[in-house]
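Everything below concerns the one structure shown next.
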Amino acid sequence: MKISRDIHVFAGRGRDTDLTEFINHKIFTELAIRPDDKLVDIGCGDGALLKLAAQSGVKTAVGLSGAEEEAASLRAIGLDVRQGLSDSLPLPDGFATVIVCNSVLLIVLKEKIGSSLSEISRIAAPNARIWIGEIPRTKEPTSVPQHKTIPAMLWWLLRHRGVRSFIGMCRRLLTGAQRGPILVNPLEAVFWVAPEDFVRMAREAGLKCEHHFPHETLDQDRKPCLHIVRHNYLFRKE
């Protein structure tokens, strides 16, 4: 399959590969991922974490993408990426010893957060390490373009992300597969929650919080700094 555009745009950070690599290295180190782990990266973006895992000898590393077109592009470069949404993960019970869900739940509808956490818990093996990152502590602005109507969003996709994304989104809208709020009115869609409330929600899904802390990013000078709003969480499957 021919890849029609730069896969780095899948990471949601434009072509800021330095930031993408910085964040994924932090996650990889924090979780102490080993070659014998079974890694699942929900919302795997451009596959940076999957590539890092492969380079470190991890034999089982599965990525999930909300769009089949993006999943297919990543499979074309040798990564195991499947289409799946956070509240409907196409993996068996107890599959993963390590799960990463970074910068994903903030664009999931609030009413689907509980079912998403339950799905993460379902595919986690006992005592699995689970990273859920970049959850805003308070409401924040977003860099995702705002579109008041679906036609406006589709026109933006066609101009900025190409024919494949345009056709793929049309197909998902027509079939009902596009269940998330992505690209349409994102300021209303961004999920945010106080850390103590998110820890409680995760506990109800069977996840025990070991540690939570402000998200680390890069400033304009490309130096590490703490994000003023976003928060990271490290859980264990109970």
Can you tell me which residue in the stretch 193-233 is farthest from the chain's Cα centre (by Cα), limited to those that are more than 20 Å from SER118 (Cβ to Cβ) and not in a strand (DSSP E or B)?
-> ASP221
Assuming VAL184 fulfils every condition listed in (1) at pLDDT below 85; (2) within 21 Å of PRO90 (Cα to Cα) apart from one, which condition is it?
-> (2)
Specify which of the listed residues (GLY133, GLY114, GLY57) is of a type in the set (Gly, Ala, Ser), in contact with a Phe, Trp or Tyr (Cβ under 9 Å, 6 or more places away or on another chain) and at pLDDT 95 or above.
-> GLY133
Whichever residue in the stretch 11-36 is crowded, with 18+ Cβ neighbours inside 10 Å, in contact with a helix residue (DSSP H, G or I) (Cβ under 8 Å, 6 or more places away or on another chain) and at pLDDT 95 or above and, among such residues, is nearest to TRP131 (Cα to Cα) | ILE27
Selected residue (criterion: nearest to ALA124 (Cα to Cα)) from residues of the stretch 201-220 that are touching a residue at least 40 places away in the same chain (Cβ under 8 Å) and not hydrophobic (A, V, I, L, M, F, W, C) = GLY206
Could you tell me whether the stretch 149-158 includes any residue that is modelled with pLDDT under 80, outside any helix (DSSP H, G or I) and not small (Gly, Ala, Ser)?
-> yes
Would you call LEU117 under 17 Å from LYS237 (Cα atoms) and either in contact with a helix residue (DSSP H, G or I) (Cβ under 7 Å, 6 or more places away or on another chain) or of a type in the set (Phe, Trp, Tyr) (or both)?
-> yes
Scanning the stretch 189-236 for residues that are among the hydroxyl-bearing types (Ser, Thr, Tyr) and either in contact with a Lys or Arg (Cβ under 6 Å, 6 or more places away or on another chain) or surrounded by fewer than 16 Cβ atoms within 10 Å (Cβ to Cβ) (or both) gives none
Meets criteria (closer than 24 Å to ILE113 by Cα, surrounded by 13 or more Cβ atoms within 10 Å (Cβ to Cβ) and either at pLDDT 75 or above or among the acidic types (Asp, Glu) (or both)) for ARG171 = no
Enumerate the pairs (first residue in the stretch 221-238 and among the hydroxyl-bearing types (Ser, Thr, Tyr); second residue anywhere and assigned to a strand (DSSP E or B)) with beta-carbon separation below 8 Å, excluding pairs fewer than 6 apart on the same chain, so at least 6 apart or on different chains.
-> TYR233/TRP131; TYR233/ILE132; TYR233/GLY133; TYR233/ILE135; TYR233/CYS209; TYR233/HIS211; TYR233/HIS212
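The values are calculated or read from the model by the stated rules, or taken from the named source; none is laboratory data. These numbers were taken from a predicted model, which means no experiment stands behind them. Glycine gets a Cβ as well: all are built from the backbone with ideal geometry, and neighbour counts include every protein chain shown.
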